[in-house]
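Report on the structure given below.
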């Protein structure tokens with residue numbers, strides 16, 4: 001089952017309000033990172049695979065496959081609000097099929113004397129019965145939760161891109177500073193073999209180069225500080241926006 005972090009559980013509690021049953025169901029149904037966790041293959045293909053396992057009477061395998069299909073269908077319903085009625089029917093059908101398969105797995109567990117497993121499966125049956133009765137409520141709260149979570153994941157991804165750009169700029173700055181030091185050492189070595197007048201001209205040129213490199217260094221430092229400050233401002237704005245967001 002999908003695992004939830006504490007802060008995500010708190011958010012889900014807020015979104016469910018006083019509906020303990022809805023919270024209990026969604027707490028074990030929603031993914032922390034739906035994009036990574038939910039299968040990419042088409043829903044119809046996954047349903048066919050689950051039905052094939054039923055035909056082969058491999059009910060344990062069918063149970064696992066139907067679970068994944070239900071989770072995917074709920075997620076897709078949250079991302080396609082214009083097709084809500086269609087997804088309600090799809091999820092209704094899946095909940096019914098999953099319940100029947102779970103009953104088969106429970107019967108097998110009871111015959112084998114696996115009492116704890118049978119009790120667990122009985123809870124699963126109750127979960128799918130709950131889903132059948134409350135599909136629209138499940139989709140409504142799942143939509144709030146997934147959309148908020150996807151927004152957070154997007155903010156995290158954008159933050160990572162900004163950090164990578166900053167680190168790349170820092171590496172470039174280090175390379176430039178190293179090149180400047182190496183150039184300075186090479187010019188110093190070259191001046192040792194020069195005559196007096198030539199050395200004087202070279203020293204004048206060296207001072208000009210040093211002033212130019214100093215100006216470049218100051219510009220790099222200022223650019224880096226501005227980039228760091230902007231990154232902090234963006235992060236603070238995103239945190240503040242999430243903090244102030246009113247949950248229906």
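The values are calculated or read from the model by the stated rules, or taken from the named source; none is laboratory data. These numbers come from a predicted model, not from an experiment. Cβ coordinates were reconstructed from backbone atoms using ideal geometry, including for glycine residues, and neighbour counts include every protein chain displayed.
Identify the residue in the range 125-150 that is in contact (Cβ under 8 Å) with a residue 60 or more places away in the chain and either over 25 Å from the mean Cα position of the chain (by Cα) or within 26 Å of residue 60 (Cβ to Cβ) (or both) and, among all such residues, is surrounded by the most Cβ atoms within 10 Å (Cβ to Cβ). If you could, list the steps in order and put the result at the bottom.
If we filter the range 125-150 for residues that are in contact (Cβ under 8 Å) with a residue 60 or more places away in the chain, which is where we start, we get 127, 130-131, 134, 137-139, 141-150.
If we keep only those that are either over 25 Å from the mean Cα position of the chain (by Cα) or within 26 Å of residue 60 (Cβ to Cβ) (or both) as well, we get 127, 130-131, 134, 138.
Working: 127: 21, 130: 17, 131: 22, 134: 16, 138: 24.
Step by step, filter the range 125-150, then rank; the result is 138.
A single entry from 84, 72 fulfils the requirement of being modelled with pLDDT under 95, part of a helix (DSSP H, G or I) and buried (at least 20 other Cβ atoms within 10 Å of the Cβ): 72.
Taking residue 153, is it crowded, with 18+ Cβ neighbours inside 10 Å and either at pLDDT below 80 or touching a helix residue (DSSP H, G or I) at 6+ places or on another chain (Cβ under 6 Å) (or both)?
Numbers: crowded, with 18+ Cβ neighbours inside 10 Å: no; either at pLDDT below 80 or touching a helix residue (DSSP H, G or I) at 6+ places or on another chain (Cβ under 6 Å) (or both): yes.
The answer is no for residue 153.
When 178, 187, 134, 162 are checked against the criterion of being farther than 15 Å from residue 26 by Cα and at pLDDT 80 or above, a single residue qualifies: 178. When you look at residue 103, is it farther than 21 Å from residue 147 by Cα and surrounded by fewer than 19 Cβ atoms within 10 Å (Cβ to Cβ), yes or no? So residue 103 passes the test.
The set of residues in the range 31-50 that are in contact with a helix residue (DSSP H, G or I) (Cβ under 8 Å, 6 or more places away or on another chain) and at pLDDT 90 or above comprises 43, 46, 47, 49, 50.
At pLDDT below 75, loosely packed, with under 10 Cβ neighbours inside 10 Å and assigned to a helix (DSSP H, G or I) - does that describe any residue in the range 216-231? Within the range 216-231, not a single residue is at pLDDT below 75, loosely packed, with under 10 Cβ neighbours inside 10 Å and assigned to a helix (DSSP H, G or I).
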